[in-house]
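Q: Structure provided below as structure tokens; questions to follow.
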Amino acid sequence: MHALDTTTARRSERTLQLALFVTSVAWFLAADTVAAHAARGLSERFGLDAARPLLTWAFLLFLLAVGFSILQAIAKQHSPLREVLGLPRRPTAGREWKLGAALGWGLVVLAVIPMAVAGTLHIQFWTQPRAFTLLLLNLITLAVGALTEEVAFRGYSFRRLIEAIGPVAATTVMSLLFGLGHMFNPGATWASTVVTILAGVLLSVAWLRTHGLWLGWGLHFAWNVSMGILFGLPISGITDFASIVETRAFGRRWLTGGDYGPEGAAITAIVLIIGIVVLVRITRDYAWHYTYVPIVAAGYPMEPAPPAAHVAMQQMAEQTRPAAPVSLVQILPSTPQTRSVSDEPES
């Protein structure tokens, strides 16, 4: 009966988590539409066309924070907002972010080197004052955008799906959704979708190894900045982030990714697989500290009940115990104790 009750409780909990996941995805889709309309209206009203992507990401992040907090409250699991979003407060947060940024930058360099060696890159520089203003704006936009995507795909919804179907299946589902979500970008192909799915796996592993978005956020941000600002290449088909450096790649699609950029190149798929292996190796300490689950003994209690005779004797002793404590009698030695232990014994 006890095992049956436990199984029923687990099924109910998984059903609840699955319902929360579906609701959170629906909220994300609705919030994405609302954020886009709000950013467009605000940018047109005040002439902020250059800041429209930043406004879109900022509105979306705000709406996700509100919606996910409400879902957490409905599930009667009250947590701080940082915990809900997947950004727990801990001393290694900054180091995790920097480690992810270093890995993201290194992977982009590894993906671009074959293109540079093949001579397919044509670089132009724009050094007007406006370029530096756009550079700062693009950095902020990419930082907010990377965080928003991580919260949406590896934050609250991802954790609910893990509780419902397990980490492997949840990683597969969220990575597929991540890839399909980029299919509508300019220049997208089936190859770019596969590469984006692998990127989703990489970022999901970053969460699974640290149980936080700090490392994944740093990796995502550095990947986009290196791709779009440092090298001036398209980010998932979007060329709006090239400010000082603007690069055009010519050559075979498997090497350059065509109009979609390196994220549509076959060589990048190999780079991402390498990145997953490297990520697992460099996060051993974080995985031990933040994902280790202590072993809890299972089964039934093994402490035997005391015998009835022993219980009766203990109760009788407590009933006959005097109200006032009995004074202790000190027994003194019969021989004088003034001699030191170092003295020679008397003959």
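The values are calculated or read from the model by the stated rules, or taken from the named source; none is laboratory data. What you are looking at is a predicted structure, and each value in this text was computed from that prediction instead of being measured. FYI the Cβ positions are ideal-geometry reconstructions off the backbone, even for glycines, and counts take in every protein chain you see. Remember, those area values only see protein heavy atoms, side chains included, never the ligands or the DNA or RNA. Shrake-Rupley method; radii C 1.70, N 1.55, O 1.52, S 1.80 Å.
Q: Return the distance in nm (one decimal) between the two label points of a simple spin-label model at A118 and V66, each offset 7 Å from Cα along Cα→Cβ.
A: Computed distance between label sites A118 and V66 equals 4.7 nm.
Q: If DNA, RNA and ligands are ignored and the probe is 1.4 Å, what is the ranking of R209, R253, R89, R248 by accessible area, most exposed first?
A: Largest accessible area first, the list is R89, R248, R253, R209.
Q: I would also like to ask the following. So what are the ³J(HN,Hα) numbers for region 89-105, from phi and the Karplus equation (6.51, -1.76, 1.60; θ = phi - 60°), rounded to whole Hz, Gly and Pro as x?
A: Calculated HN-Hα couplings, in order: 7, 7, x, 9, 4, x, 5, 5, 4, 5, 5, x, 5, 5, 5, x, 4 Hz.
Q: Step through the residues of region 130-138 one at a time and calculate ³J(HN,Hα) from phi using the Karplus curve (6.51 cos²θ - 1.76 cosθ + 1.60, θ = phi - 60°), rounding each to whole Hz and writing x for Gly and Pro.
A: 5, 5, 6, 5, 5, 4, 5, 4, 5
Q: Would you mind checking which residues have amide H under 5 Å from G155's amide H? H placed 1.01 Å from N; only 5 or more apart, or other chain.
A: So G155 has HN proximity to no qualifying residue.
Q: If you take the beta carbon distance between L42 and Q128 as r and set R0 to 35 Å, what does 1/(1 + (r/R0)^6) give as a FRET efficiency, to the nearest 0.05?
A: About 0.85, to the nearest 0.05.
Q: Give the separation of the Cα centroids, region 177-214 to region 105-139, in Å.
A: Between the Cα centre of region 177-214 and that of region 105-139, the gap is 22 Å.
Q: Which percent of the accessible area of region 1-106 is formed by carbon and sulfur heavy atoms (probe 1.4 angstrom)?
A: Roughly 67 percent, rounded to a whole number.
Q: So for region 1-89, averaging the separation of alpha carbon pairs under 8 Å that are six or more residues apart and normalising by length, what relative contact order in percent results?
A: 24
Q: For region 1-160, give the magnitude of the charge dipole about the Cα centre (Cβ charges: +1 Lys/Arg, -1 Asp/Glu; no others), in debye to the nearest 20.
A: Dipole about the Cα centre, nearest 20: 340 debye.
Q: Let me ask something additional. Determine ³J(HN,Hα), in whole Hz, for all residues of region 191-201 in sequence, where each value follows from phi through the Karplus function 6.51 cos²θ - 1.76 cosθ + 1.60 and θ = phi - 60°; x replaces Gly and Pro.
A: Whole-Hz 3J(HN,Hα) from phi for region 191-201: 5, 5, 5, 5, 4, 5, 4, 5, 5, x, 5.
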